[in-house]
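The values are calculated or read from the model by the stated rules, or taken from the named source; none is laboratory data. On a predicted model such as this, the values are computed, not experimentally measured, just so you know. Cβ sites come from the backbone with ideal geometry, for glycine too, and all protein chains shown count toward neighbours.
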Amino acid sequence: MRNRVNVKIEPWADVDLALLYRLNAPEMLEHLGGPESEEQIIARHKRYLEIGGKGTGRMFSIILLPDREVVGSIGYWERIWQGETIYEIGWGVLPPFQGRGIAAAATAAALASAGAEQKHRYIHAFPSVDNPASNVICRKLGFLFIGECAFEYPPGNIMQCNDWCIDLTTITCEVEC
């Protein structure tokens with residue numbers, strides 16, 4: 001039997017800029033258009049710091065317990081999708097920590113956070129059709145597969161994604177949130 005991974009998500013903070021640099025590796029962004037420039041990383045960090053205060057989503061660092069090692073990021077943000085305002089969710093776990101259930105546990109915690117807000121009923125994930133690990137996380141956590149879609153990310157780049165959706169009113173938190 002596989003051991004349950006113990007993670008915590010913590011609101012994005014100034015110290016998490018170092019994590020963004022670590023996540024900006026080619027192997028981490030293979031399905032997302034490749035690494036960002038220095039200016040793009042700084043701008044992303046600023047957006048992550050500000051999003052919670054704007055009420056349009058939240059960004060978190062993923063902390064592996066009990067050692068409190070920072071191993072990735074997860075967040076959700078508002079977007080207009082097919083004429084409706086929804087939350088979109090996305091995550092990234094550093095390569096040495098992948099395949100251990102960390103992303104799934106952190107995603108469950110972020111879903112609980114989004115659900116507790118009672119702002120949007122639905123949250124969507126749009127992993128690339130070529131990213132089996134992220135698609136498995138969606139399936140494992142009970143997202144409904146809507147279908148393939150063309151998705152623009154980063155701006156100017158159209159990629160084929162799977163649209164996964166989950167009803168936030170059905171979410172309960174089974175990890176420390």
Query raised in the report: Is it true that some residue in the range 70-82 is closer than 20 Å to residue 20 by Cβ and over 14 Å from the mean Cα position of the chain (by Cα)?
Result: yes
Report summary line: When restricted to 162, 157, the only residue polar (S, T, N, Q) and surrounded by 20 or more Cβ atoms within 10 Å (Cβ to Cβ) is 162
Query raised in the report: Within the range 136-177, can you find the residues that are closer than 12 Å to residue 111 by Cβ, of a type in the set (Asp, Glu) and at pLDDT 80 or above?
Result: 167
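Okay, residues lined up against (1) touching a Leu at 6+ places or on another chain (Cβ under 6 Å); (2) surrounded by fewer than 17 Cβ atoms within 10 Å (Cβ to Cβ); (3) at pLDDT 90 or above; (4) under 21 Å from residue 157 (Cα atoms):
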residue: 2; (1), (2), (3), (4): no, yes, no, no
residue: 6; (1), (2), (3), (4): yes, yes, yes, no
residue: 10; (1), (2), (3), (4): no, yes, yes, no
residue: 53; (1), (2), (3), (4): no, yes, yes, no
residue: 66; (1), (2), (3), (4): no, yes, yes, no
residue: 76; (1), (2), (3), (4): no, no, yes, yes
residue: 82; (1), (2), (3), (4): no, yes, no, yes
residue: 93; (1), (2), (3), (4): no, no, yes, no
residue: 105; (1), (2), (3), (4): no, no, yes, no
Report task. Assess whether residue 58 counts as being of a type outside the set (Phe, Trp, Tyr), under 21 Å from residue 14 (Cβ atoms), surrounded by 12 or more Cβ atoms within 10 Å (Cβ to Cβ) and at pLDDT 95 or above. Result -> yes
Query raised in the report: So how many residues does the range 107-131 have that are surrounded by fewer than 16 Cβ atoms within 10 Å (Cβ to Cβ), hydrophobic (A, V, I, L, M, F, W, C) and more than 23 Å from residue 63 (Cβ to Cβ)?
Result: 1
Query raised in the report: Taking the range 83-97 as the search range and keeping residues that are of a type outside the set (Phe, Trp, Tyr) and over 25 Å from residue 149 (Cβ atoms), which one is farthest from the chain's Cα centre (by Cα)?
Result: 96
